[in-house]
Amino acid sequence: MRSSAEEPPVTAGTGAFISTRLRGLARSGFVHVLTAQGATRVFVAVHGILLARILGPDDLGRFALLASALSLSGVVAQGGVPSALSRYLPLCSSAGEQERLRDTASFVGVVWAVLVGMVMALPLTGQLLSEEPWVRSWLLCAVLVLPVQTSAQASLSLLHGQARFPKKSVLETVVAAVTFALVLGGSLARGLSGAALGKVGAAVAAALIVSQATGLRFPRSRAFPPGFRRFALLSLASGSFSTLLHTADTLVLGALRIAPSSIGSYRVASLLYAFLSMVPAAAMHTLFPRLVRLHDDPCALRRLCLQSLRYLTLFGVVAAGAGMLAVPLLVKPLAGPEYLPGVPYVRVLSLGLVFRAVVLWAGTVILAMGRPGLNLILLVVSGAVNLALNVALVTSHGPIGAAWATVASEAASALLGGGAVLVLIRAGRRG
């Protein structure tokens, strides 16, 4: 992912061109990020498949509903702090200043996460999701889980802002392995309730590991750079809408009382879809600090944006083909014959990979340009489209309608976000 100004001469030959590209990817940190995201998503996919075999379609569907609700609450609990840190840390003048900003933001984020956790622990929240005792117990644990997740994410944002991708990759891989072991062990020991308890233990362990590795301290000052709070608040709203956008299908399936076994089959399809989208996610994660530093160089920013879009669009087409043709063949040997009803969901969702790469590209570039308000507007529009399509299509077609709603909303997001970025970079506008 290098700018066109760094293109090797054509006379160097194909071999030299490929070699230069590979060295550039290694220096950018893309290989480290891709390795970490690959390992993490392998753990998530394997864990999801094993959980599917252990719990069966019915219990997996119940677990998926709770996990979707908690994913949304987790984003709210972070208060936009990780996104704001990723945007402002590269602009700090020294490592010490970066660490002080991280400590201050983490402290504020933890206080906010405690408040969100207390709301999750209210009896009314449990009644909205389920009357089962294990659900209420897990929601009570949110008072502990959400704050420690927030502190861990703040520390990982510090490494991201410093472009210390190798260390960040190692930590993320370790956290994924710990989560895999605890959740799987809990589900083997106590089924559905054990899986929930395993997630609690994994969150606490992850926070301890990351905080120790990055030297998290109590803040000595509580000053934020200009614009930080606004960026965090807008990122909170954007992150909430984005998470709602990607959990709306599962939540609507549950709200419309679709059979848990069908939700379980849809969950397996969603896991495979998430796994296939890891390459564009890793690419944009790596490019984000570099895009921030090019904030005052519109020409270089334009070159990098357009070049990365070409690569990501090509990958989206290849991934969609693989998802439609090859991945469905793996559902039966991996998850078992009881999940074969999910094969059509995999094929339909795979179409969304063509647009998913563009969505990730557009969101990353808009935030790097310091325009969280625009990102929020686009997400609100996309979220409204997604929710409306899910309600309409799930009501008439069930889970396959949810899959088509996801594809349609990804296409709308790609069109809106991609168009907005192209207008901005051609006009040389910045936040």
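Derivation of every value follows stated rules applied to the coordinates shown; laboratory data play no part. These numbers come from a predicted model, not from an experiment. Positions of Cβ are generated from backbone atoms using ideal geometry, with glycine treated the same way; all protein chains shown enter the neighbour counts.
Points worth noting:
- For region 294-357, the convex hull drawn through the C-alpha positions has a volume of 85 cubic angstrom per residue.
- One quarter of the surface of the convex hull around the alpha-carbon atoms of region 244-327 equals 7.1 nm², the direction-averaged projected area.
- The packing ranking, built from the mean of other Cβ atoms within 10 Å per residue, places the peptides 152-159, 97-104 in the order 152-159, 97-104, highest first.
- Principal axis box of region 137-202, alpha-carbon based, largest edge first, Å: 41, 23, 10
- Cα-based convex hull, region 23-427, per residue volume (Å³, whole number): 125 Å³
- Ranked from largest, the principal axis spans of the Cα set of region 292-431 equal 55, 30, 17 Å.
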